[in-house]
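Participant: For reference, the structure I am asking about is given below.
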Amino acid sequence: MRCKAILRFVSAAALVLSLGSATTAQAGDAVELTIKPDNIDISASYRGTVLHVEGLAPKGSEIVARFTGAPADLALRQKGKVFNLLWMNLGTVHLQHVPTVFLVTSSQPLARVHGDELGLAAVHNGIKVQEQMANDLDLAAELIKLKQQDGLYRETTGGITTAENGRFSADLRIPSRLSPGTYAVEIFALNEGSIAGSVSAPVSVKLVGMPAWIDDMAKNSSLLYGILSTLVAIFGGLAIGLLCQSKGGAH
Amino acid sequence: MNIPLYMYLPIAGNSVNMAAILGLGGAVGLLSGIFGVGGGFFMTPLLIMLGIPPTVAAASDSNQIIGASTSGTLAHFRLGNVDFKMGFLLLAGGVAGGCVGVRVIKLLRALGNADFLINLTYVLMLGLVGGYMFYESLQSMRAPKTSTASTKPARGESSYQRGLRNLPWQMDFVRSGVRLSVLMPLGLGTLVGILAAIMGVGGGFIMVPVMVYLLRMPMHVVVGTSLFQILFTCVNVTIMQSIENHTVDFILALLLLIGSSIGAQLGTRIGKKLHADQLKILLATLVLVVMGKILYDLLARPDVLLAYAGGH
């Protein structure tokens, strides 16, 4: 499969733009990346997938692999205590720079390789709260908890193999709860606590087949969609009602 | 043939276990067929637990209820349990009430603390209705048959009943076996419509007790007529949600529908075998369980202090 990769310079490392697995890396200070598959098609049978990432990093470095969605603004309800007794929604808060998805895996625990800044801490530091309510609740931390419950944020160790010569491979588990859009796979090579190199490549997620058809109709012919949904429900209900009667017989 | 167990739902943006959705639909349909309630109260939170966003869960549930209530209404119609005249009058009131309710909620939001008022009204309402139904049906189940017969006419002569007889535009409701002023179903329908709009629910939980206690309709006709009304309410919600928010997941609704229509048929048959008092006490228990759940949510500290906008 053809593979597209975008390359970034980070620190002093010289990075190689790679196209497909045919590209070979030069010296030990480059990070090279191939992703399979390089885009995700969501058909009716989609239930999450695994992205297989392979590449070459500077020798002896630890690998951090991330799958991230584009940052967006998000409005959420904040809960709090009323009259010191009842928990309920107090109002709406607006957060900015919230990645839709943020999945991180690393060959060693991030704390051990001084890579904390690459994990969920990066999300925590990046989120901007537009207006804070009259309490000191850490909204970014609460958001991370909420997204973790949904399986959209994750920080794990493992799924990465590294070899002596700097070759690595990583399996990124992509959740079933995924919306169409452009996501990014990012690889960071960590050497003694500093980033020796990094590379990122876009992964496009799109709906195909029945999901694409339904999504298009729901958004572009919404009145028709609503009426059809109603009619199908009525006829479905009638059909099952009649079917049950003929089987029941007695009535 | 190899039937896939999971399916990706484009509007919900997640893949679900089809067996779980069918089973969930079946369980809620069963309740709907027995008691004439929409069941949105159980369905929406359970769907959220299965990974469906709250707004999509609520809207798709309305779509599903259309199917279940069509199926249930048909089954009850065959048993002679649907009072169309009463149903239409309550519905007319309900639509008017719904419009008023939407305004009221806007006003409450502007005043602040709307959620507090809504939750509190709900808990009180469910507690009162559930408690009263439970107590009343327990009394009549315990009482020997003869004494029930002797207390009934006495209750019939209450000032409430006398007041009802003095209202203008009296009309016979043959199916329900009652004679009432047209104003009663219209007025009560409006009231329930307002409450339902404010609380963001279908209103079955409030409508059923209103028909039993205030309109004095027989329990079995109440169930059938309530289903008939829910059908119309949910058609409205489904179309509005499709247009304004694109939150109706048709595939999710279809899966739920298959489960719930079968459940509703089964429920109707179970309901038919139950005595009216048993039916009332079971519904009362259900109402109290729902109240308990809401109360628990209000009192226990949530795991996460943020929530996506749009749920109940």
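Participant: Here are the criteria: (1) farther than 26 Å from residue B:99 by Cβ; (2) within 11 Å of chain A (Cβ to nearest Cβ); (3) open to solvent by 10 Å² or more (accessible area, probe 1.4 Å); (4) at pLDDT 85 or above. Tell me which single one residue B:307 does not satisfy.
Facilitator: Of (1) farther than 26 Å from residue B:99 by Cβ; (2) within 11 Å of chain A (Cβ to nearest Cβ); (3) open to solvent by 10 Å² or more (accessible area, probe 1.4 Å); (4) at pLDDT 85 or above, only one is false for residue B:307: (4).
Participant: Here's something else I'd like to know. Would you point out the residue of segment A:201-223, among those that are open to solvent by 20 Å² or more (accessible area, probe 1.4 Å) and more than 14 Å from chain B (Cβ to nearest Cβ), that is nearest to residue A:107 (Cα to Cα)?
Facilitator: Out of the qualifying residues, it is A:202.
Participant: Do we have any residue at all in segment B:51-66 that's more than 26 Å from residue B:243 (Cβ to Cβ) and more than 13 Å from every other protein chain (Cβ to nearest Cβ)?
Facilitator: no
Participant: Name the pairs whose Cβ atoms lie under 9 Å apart, with the first residue in segment B:281-295 and closer than 16 Å to residue B:139 by Cβ and of a type in the set (S, T, N, Q), the second modelled with pLDDT of 85 or more and in a helix (DSSP H, G or I), and 6 or more positions between them or separate chains?
Facilitator: As it stands, the answer is B:285/B:134, since those pairs meet every condition given.
Participant: A further question on this structure: Right, residue B:48: in contact (Cβ under 8 Å) with a residue 12 or more places away in the chain, more than 23 Å from residue B:192 (Cβ to Cβ), β-branched (Val, Ile, Thr) and in contact with a Pro (Cβ under 7 Å, 6 or more places away or on another chain) or not?
Facilitator: Yes; evaluated as a whole, the condition is true for this residue.
Participant: Which condition does residue A:58 not pass, out of (1) over 22 Å from the mean Cα position of the chain (by Cα); (2) assigned to a strand (DSSP E or B); (3) modelled with pLDDT of 85 or more, if it passes all the others?
Facilitator: It fails just one condition, (2).
Participant: With respect to the numbered conditions (1) over 30 Å from residue A:222 (Cβ atoms); (2) of a type in the set (Ser, Thr, Tyr); (3) more than 10 Å from every other protein chain (Cβ to nearest Cβ); (4) in a helix (DSSP H, G or I), which one is the sole condition not fulfilled by residue B:268?
Facilitator: All conditions pass for residue B:268, except number (3).
Participant: Under 6 Å by Cβ, and 6 or more places apart or on different chains, what pairs join a residue from segment B:237-250 that is under 12 Å from residue A:224 (Cβ atoms) with one that is at pLDDT 85 or above and of a type in the set (A, V, I, L, M)?
Facilitator: Final answer for the pair search is B:242/B:248; B:243/A:223.
Condition check ((1) in contact with a helix residue (DSSP H, G or I) (Cβ under 8 Å, 6 or more places away or on another chain); (2) of a type outside the set (Gly, Ala, Ser); (3) at pLDDT below 85; (4) closer than 22 Å to residue B:132 by Cβ) across all residues:
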{"residue": "B:169", "(1), (2), (3), (4)": "yes, yes, yes, no"}
{"residue": "B:172", "(1), (2), (3), (4)": "no, yes, yes, no"}
{"residue": "B:186", "(1), (2), (3), (4)": "yes, yes, no, no"}
{"residue": "B:196", "(1), (2), (3), (4)": "yes, no, yes, yes"}
{"residue": "B:203", "(1), (2), (3), (4)": "yes, no, yes, yes"}
{"residue": "B:210", "(1), (2), (3), (4)": "yes, yes, yes, yes"}
{"residue": "B:217", "(1), (2), (3), (4)": "yes, yes, no, yes"}
{"residue": "B:220", "(1), (2), (3), (4)": "yes, yes, yes, yes"}
{"residue": "B:225", "(1), (2), (3), (4)": "yes, yes, no, yes"}
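Participant: Given the condition away from chain A (no Cβ under 11 Å) and touching a His at 6+ places or on another chain (Cβ under 9 Å), answer yes or no: does some residue in segment B:12-22 qualify?
Facilitator: no
Participant: Tell me, which residue of segment B:37-50 that is under 14 Å from the mean Cα position of the chain (by Cα) and either outside any helix (DSSP H, G or I) or within 13 Å of chain A (Cβ to nearest Cβ) (or both) is modelled with the lowest pLDDT?
Facilitator: Per the stated criteria, the residue is B:38.
Participant: Would you confirm, using the coordinates I've provided, whether residue A:228 is modelled with pLDDT of 90 or more, under 30 Å from residue A:47 (Cα atoms) and within 8 Å of chain B (Cβ to nearest Cβ)?
Facilitator: Answer is yes for this residue.
Participant: Regarding segment B:206-226, can at least one residue be identified that is facing chain A (nearest Cβ under 9 Å) and β-branched (Val, Ile, Thr)?
Facilitator: Within segment B:206-226 (the criterion being facing chain A (nearest Cβ under 9 Å) and β-branched (Val, Ile, Thr)), the answer is no, since none of the residues qualifies.
Participant: I'm trying to understand the selection: among the residues of segment A:146-175, which are open to solvent by 30 Å² or more (accessible area, probe 1.4 Å) and more than 19 Å from residue A:111 (Cβ to Cβ)?
Facilitator: A:149, A:150, A:161, A:163, A:164, A:165, A:167, A:171, A:173 - these are the residues of segment A:146-175 that are open to solvent by 30 Å² or more (accessible area, probe 1.4 Å) and more than 19 Å from residue A:111 (Cβ to Cβ).
The values are calculated or read from the model by the stated rules, or taken from the named source; none is laboratory data. Keep in mind it's a predicted model, so treat the numbers as computed, not measured. We place every Cβ from the backbone using ideal geometry, glycine too, and count neighbours over all the protein chains shown. Quick note on the areas: whole protein, heavy atoms, side chains included, nothing else; ligands and nucleic acids left out. Shrake-Rupley method; radii C 1.70, N 1.55, O 1.52, S 1.80 Å.
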